[in-house]
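The values are calculated or read from the model by the stated rules, or taken from the named source; none is laboratory data. Bear in mind that the values here come from a model prediction, so they are computed numbers and not experimental data. In this analysis, Cβ positions are derived from the backbone assuming ideal geometry, glycine residues included, and neighbour counts consider all displayed protein chains. The area values use the complete protein model at the heavy-atom level, side chains included, leaving out ligands, DNA and RNA. Shrake-Rupley method; radii C 1.70, N 1.55, O 1.52, S 1.80 Å.
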Amino acid sequence: MSDTDTSAERAVVRDSVTVRVPAKVNVQLAVGAARPDGFHDLANVFLAVGLYDEVTVTPADELRVTCAGPDAHQVPLDATNLAARAAIALAARHGIEPRVHIHIDKDIPVAGGMAGGSADGAGALLACDALWSLGSSEAELLAICAELGSDVPFSLLGGAALGVGRGERLTPLDVGGTFHWVFAVADGGLSTPAVYGEFDRLTATADVPPPAADPALLTALRTGDATALAATLVNDLQPAALSLRPSLAATLTTGMSAGALAALVSGSGPTTAFLTKDAESAETIAEALVASGNCRTARATSAPAPGARVVS
Ligand code: C5P
């Protein structure tokens, strides 16, 4: 290596790094009133689920993002992509250039309320940290995640966690068993800011209480009790998502009629989530949802899933 090499080139010791990173569902999303900065205080109980994106980074002459998968055409490939922003933020912190090709193998629904974009941000961050041999601590990576977006820290951590503030301040939660889920993927996405805006409109004359985690829900997670969890699932953004996308009501009804323990909109939607009693029931409910024509596709999976991990 010559004396004129940049620090980025000196730092690169691997040919490529692939990170697998999960989707999430919010088992409780308690939303407070809008804050002066436009964000909302949350009590956000995240649960990572077994749908994954894979983010692969390779050295390149300049930053470039590509994406493959059934919904790849919906993913922005410019600097608005959270994976690109993650690479830029990490490189800037270390005084190096983000000369990397980021490839996303996308399996998480796009703009679906399952933190797919956040997953790619967390995945790219961990992958670039390994590619550039930076050895950042988890705390350092979580701090960058929080700058990138409210849901990004949880994508890095996985498992289950309570998020407060914007949702970015996390406390990991114990989960005492496996929960089985079906996710019904709708046609087209919903904009998260638009759903929060609709929440503000719908609650304009209401007294919105400060958000708080439900102790019964945390107990249900800790004991792995699906029936108890079903009784406590709540998403304060659901009325707003249903207001913007009324057809989701039929999807929720279809899943309940097919035997789900509970149904709710996932995050800001429009993906809908169905908690089921076991894996077999999840498959039956997924088939019923697809057969109904009320969704584009349905995916059966389980939770909790691990957070972002280097897989190769
Ligand atoms: O943090 P993130 O960039 O993912 O948030 C996207 C949008 O969602 C914000 O611009 C805001 O409109 C809304 N949001 C909110 N309160 C939160 C999190 C997100 O109003 N706690």
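Summary of values
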item: Whether the chain is rounded, prolate or oblate, judged on the alpha carbon gyration tensor where a/c under 1.5 counts as rounded; result: prolate
item: Rounded, prolate or oblate (a/c below 1.5 giving rounded, otherwise prolate when a/b exceeds b/c) for segment 116-256 by Cα gyration tensor; result: prolate
item: Taking the chain and dividing mean pair separation by its residue count, relative contact order in percent (alpha carbons under 8 Å, at least six apart); result: 25 percent
item: Listed peptides 43-53, 59-69, 100-110, 235-245 by packing density, highest first (mean Cβ within 10 Å); result: 43-53, 100-110, 235-245, 59-69
item: Residues whose placed amide H lies under 5 Å from that of residue 66, excluding near-sequence neighbours; result: 102, 103, 104
item: Electrostatic dipole magnitude of the chain [Cβ: Lys, Arg +1; Asp, Glu -1; Cα centre; debye, to 20]; result: 380 debye
item: Expected 222 nm ellipticity per residue - DSSP helices of 4 or more, -39500 (n - 2.57), all of the chain, to 500; result: -10000 deg cm²/dmol
item: Heavy-atom accessible surface of the chain: percent carbon and sulfur, 1.4 Å; result: 53 percent
item: Spin-label model distance (nm) - residue 66 vs residue 39, 7 Å beyond Cα toward Cβ; result: 3.5 nm
item: Amide H partners (placed H, <5 Å) of residue 179, local residues excluded; result: 303
item: Length gained when the stretch residue 200-residue 92 is fully extended (0.36 nm per residue, less Cα-Cα span); result: 35.3 nm
item: Cβ-Cβ FRET estimate between residue 228 and residue 249, R0 fixed at 30 Å, reported to 0.05; result: 0.75
item: Radius 14 Å from Cβ of residue 262, net charge of other residues (Lys, Arg +1; Asp, Glu -1); result: -1
